[in-house]
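Every number here is computed from the coordinates shown, using simple stated rules; none is lab data. No experiment lies behind these values; they were computed from the predicted model shown. No Cβ is skipped: glycine too gets one built from the backbone with ideal geometry, and neighbour counts run over all protein chains shown.
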Amino acid sequence: MNAYAKRVFNLAYQFSGSYQEAEDQTQEIFLKLYGALSKFDFQRSFTAWLLTLAKNHLIDAYRRTKWERKQRDDFDERTAAGPLAGDPQDALEREENRRLVWTSLNDLSPDMRMAVILRDLQGRSYEEIAAVLDLPLGTVKSRVNRARLALARVVEEKRGGQP
């Protein structure tokens, strides 16, 4: 657990946007892992298997709480916290942009959201994403591209069409 807890927590945190929810989801994932250990195929990568299990759990949890997420407008301040150096107006605009992107991620389908998180927030390679999502490489590249375009559309709509 110690070897993978940070990775699973980071995935859960980036998926949920909430520190406390990520802690809860990480615990649930490891409980689920414990119950599924007997099903592990030793011919496969344990890391890919664990991250796939985590991804599926997070998508299921997201679907169960989608309405609540839509209604919740408060985003964990620790995600948006950063140095406020420079012009206060610039810092405010950066903060608003950060919030806008995070709230816009909630409007994407779970599959697209996971693709953007794994590629653009976690910096994983397309090959790693393909292993985690258990998809062909071409499908992953296509999904990441579609997700980026969809996220850009959502952000633009929320801004009211302003660049």
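For ILE29, ILE117, ILE59, what's the fewest-to-most ordering of other Cβ within 10 Å of each Cβ? Please report the intermediate quantities before stating the final value.
Details: ILE29 25, ILE117 22, ILE59 16.
Listing ILE29, ILE117, ILE59 from fewest to most nearby Cβ atoms yields ILE59, ILE117, ILE29.
Which pairs, out of LYS55/LYS141; LYS6/LYS158; LYS55/LYS158, put more than 22 Å between their alpha-carbon atoms?
Details: LYS55/LYS141 18 Å; LYS6/LYS158 33 Å; LYS55/LYS158 27 Å.
Check vs 22 Å cut-off fails for LYS6/LYS158; LYS55/LYS158.
When only DSSP loop residues count, what trypsin sites (Lys or Arg not before Pro) in segment 1-68 have their Cβ near at most 12 other Cβ atoms within 10 Å? Before the final figure, lay out the partial values.
Values: sites: LYS6, ARG7, LYS32, LYS39, ARG44, LYS55, ARG63, ARG64, LYS66; in loops: ARG44.
Hits after loop and neighbour filter: ARG44.
Can you give me the Cα centroid spacing of segment 34-57 and segment 94-163 in angstrom?
24
Karplus couplings for segment 110-124 from phi (6.51 cos²θ - 1.76 cosθ + 1.60, θ = phi - 60°), rounded to Hz, Gly and Pro as x?
Once θ is set to phi - 60°, the couplings for segment 110-124 become x, 5, 5, 4, 4, 4, 5, 4, 5, 7, 8, 9, 8, x, 6 Hz.
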